[in-house]
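Enquirer: Structure below; questions to follow.
The values are calculated or read from the model by the stated rules, or taken from the named source; none is laboratory data. The shown structure was predicted, so the numbers you read here are calculated from the model rather than taken from an experiment. Every residue, glycine as well, gets a Cβ built from its backbone with ideal geometry; the counts of neighbours run over all protein chains shown.
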Amino acid sequence: LILAMLIKPGVSQNAATHDDDDDETFDTVDALMDLVRNMVPNNLIRATYQQYKTRKVEVEIEADSDNSNLEMKRTEIRLVGKNIEGLNSVGLIVWSIIFGRGLRRMGERGKLFVDILIALNKAIRHVVKMVIGFLPVGVLFMTASYVVEVGENWQTLLKLVKFTA
């Protein structure tokens, strides 16, 4: 990592300017602030499928000039934050730790809820194992229907059955 930061492969030496350094610093600070914002999600359900991200947006602003009657337009860069698609794993991890510590402090009352979650986890594992067990049969019938559509080539179908088995 140190060599990559020093050498900066893929970046030409002529392209480095003072403004780029400011943008890079600004992007780093912005990314760290997004990380902190994602640590405390507003909605835990939304955190399973969305995360917060700040973006730079150019906005045109109409500015009246004092010494002329012309309306001038100038562009300004503003930061706009919104939720984008993607798992907010940082927020889920932080709240899982907080929730787990709270359950541990509850003692015996919290142990009851933990036991319920363990039982639910075992039930879900059992259902997933059943689905995975039926997966080869499902793939066989999906591909067999395609082979039948293509033509009545029984040798291909026999190879497919052997492959699935």
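Enquirer: Against the conditions (1) at pLDDT below 90; (2) out of contact with any Pro (no Cβ under 8 Å at 6 or more places or on another chain); (3) closer than 20 Å to Asp30 by Cα, where does Glu85 fall short? Just the number, please.
Expert: Looking at each condition in turn, Glu85 falls short on (1).
Enquirer: I would also like to ask the following. Considering only residues of the stretch 83-97 that are without any contact (Cβ under 8 Å) to a residue 12 or more places away in the chain and surrounded by 11 or more Cβ atoms within 10 Å (Cβ to Cβ), which is farthest from Ala47 (Cα to Cα)?
Expert: Of everything passing the filter in the stretch 83-97, Ser96 is farthest from Ala47 (Cα to Cα).
Enquirer: Next question. What are the pairs with Cβ atoms under 7 angstrom where one residue, in the stretch 102-128, is touching a residue at least 24 places away in the same chain (Cβ under 8 Å) and the other, located anywhere, is exposed (fewer than 10 other Cβ atoms within 10 Å of the Cβ) and of a type in the set (Gly, Ala, Ser)? Sequence gap at least six, or different chains.
Expert: Every condition considered, no pair remains.
Enquirer: Okay, next question. Under 8 Å between Cβ atoms, at least 6 apart or on separate chains: pull out the pairs that start in the stretch 46-62 with a residue that is loosely packed, with under 13 Cβ neighbours inside 10 Å and end on any residue that is outside any strand (DSSP E or B) and hydrophobic (A, V, I, L, M, F, W, C).
Expert: Once the first residue is loosely packed, with under 13 Cβ neighbours inside 10 Å and sits in the stretch 46-62, its partners that are outside any strand (DSSP E or B) and hydrophobic (A, V, I, L, M, F, W, C) give Tyr49/Leu87.
Enquirer: Here is a further query. Considering only residues of the stretch 1-53 that are modelled with pLDDT under 85 and of a type in the set (Ser, Thr, Tyr), which is nearest to Ile97 (Cα to Cα)?
Expert: Looking at residues that are modelled with pLDDT under 85 and of a type in the set (Ser, Thr, Tyr), I get Thr28.
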